[in-house]
Structures are given as C-alpha cells and as structure tokens.
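Read through the structure below, which is laid out as structure tokens, and then see the notes.
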Amino acid sequence: MSLTRRSFLNAVAATGAVAAVPAKVFATVAPPQPSINPALRARALAALEAHGDRIKMRDVIGIADFNRFSREPRFYIVDLRSAFTTQHLVAHGRGSDPGHLGWLERFSNEIGSEATSEGAYLTGDSYTGKYGWSMRLFGLDASNSNALARSIVVHSAWYAEPKVAETFGKLGRSEGCFALPGISHAEAMTRLGSGRLLYAEKI
C-alpha cells in the first residue's frame, strides 16, 4: 500500500500541529514511566557526560530508539531529576527505509541521503520554516556531524500521527528529520527546548 498525503486524507482527517498545549495534557500522550531499553538509556547518559561541555541544560533529555517498529512509540522525553518519562511516535528517514517496510535499516550522515543519522544531538533554537514550528539540531558525533547542513530538525508531520499507524500499520517517512505527531511535537518543543541532548541509536 502506498502511503501518500492524498491516501491518508481520504482515510482520516488530517491533524494539524499543536502550537501550544497545557502541561497537564502531555501525560495523556502515553502512560507515564514507559520502559526504555536499559542499554540505550545507558548510552544516552554516557553521551550526556561525553558532551557535557556543549550541553548546558542537563535536566531533560530525548531518546529515540530506532530498533523499534515505526508504529510503536519509540521517542522518549526523560526528566532526569524526577524520572518522569513520556513516549511518542516518531518517523524515520526514507533513506533509512527505502522499501518503506516500517523498520529503520540503516543510518547515514551523507548530504542528500534522506536518512536518519545516529548519535548525540544538541537541541537548538526554535523557528518557523518549511515544516512550521521546528527546532534545529546540531550533530555532536562523526555519525551526525552534517545535521545542520542537512537541515535535520524536530518538526510535526501528518504522516507521524497515530491515525496513520492505525490505518496503514506504519508511519510515513521523513527526509531524516525527527517528525512527531502534533501533540508530541508540542511537548518536545516545550520540555526539550534549546541546549539539551537528543540521542538516537539502534541497539
């Protein structure tokens, strides 16, 4: 089945990005305290220490577990002080899944690859651009050093909405960006903000 914006709109009503959501709504995105792969969490915390001189805000981190299928919640926002964690859907790049099977098969840092890159990112300033309200990302590792040049950002997308997963059994694909559902995107923009760690890997 080909997943396009036209076929999706014929199946379900498109959901727009949420510009502002009360904090109490965030907990409804997913049950609190979801389970994160312990090895992945450890790698993320190690990256936080390794890049500590560049990451000024160390209270909240984002973790993307690309070992999971695209219809599964696999993007986590973790408060390191309280351990409060929420989980969210996130799309991967089409270059990482050329057959659109729903699994991330490979990472790439190459310009033009349209693939997801692995490693540690520093969240940057928010802006309004091609994909609406977005957050810039700076790659801190050799595996994602071209993030800024590739315009890899956090943004919302219709193809990352839960209805897409329910209708087609998988999410659509980005061009390498971290594309989230509207309400999840609003939380990421608010809780992660600028100057924090976002870590992506497949273990």
For Lys56, give me every one of the aspartates and glutamates with a C-alpha distance below 14 angstrom, ignoring sequence neighbours fewer than eight places off in its own chain. Asp125
Using C-alpha positions alone, give me the convex hull volume of the range 24-125 per residue in cubic angstrom. 129
Cross-link partners of Lys202 among aspartates and glutamates (Cα-Cα below 12 Å; sequence separation of 8 or more within a chain): Asp65, Glu105, Glu118
9 Å beta-carbon shell around Asp59, net charge (K/R +1, D/E -1): +2
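Using the Kirkwood formula on the Cα atoms of the range 62-173, what hydrodynamic radius do you get, in angstrom to one decimal?
Working: mean 1/r = 0.0684 Å⁻¹.
Every distinct Cα pair counted, the radius reaches 14.6 Å.
Net charge near Thr85, counting Lys/Arg +1 and Asp/Glu -1 over other residues with Cβ under 14 Å of its Cβ? Mind dumping the intermediate values first?
Values: positive: Arg41, Arg74, Arg81, Arg191; negative: Asp59, Asp65, Asp79, Glu187.
Computed value for this residue: 0.
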Where the centre of each part is set by its Cα atoms, how far does the range 136-200 sit from the range 37-92, in angstrom? 13
In terms of Cα to Cα distance under 18 Å, which aspartates and glutamates are near enough to Lys163, apart from those fewer than 8 places away along the same chain? Glu72
Which whole-number value in Å² is the accessible area per residue of the range 71-203, probe 1.4 Å? 36
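The values are calculated or read from the model by the stated rules, or taken from the named source; none is laboratory data. Remember, it's a predicted structure, so these values are computed and weren't measured experimentally. Cβ: placed from backbone, ideal geometry, glycine included. Neighbour counts: every protein chain shown. Each accessible area value is taken on the protein alone, full model and side chains, heavy atoms only, with ligands, DNA and RNA left out. Shrake-Rupley method; radii C 1.70, N 1.55, O 1.52, S 1.80 Å.
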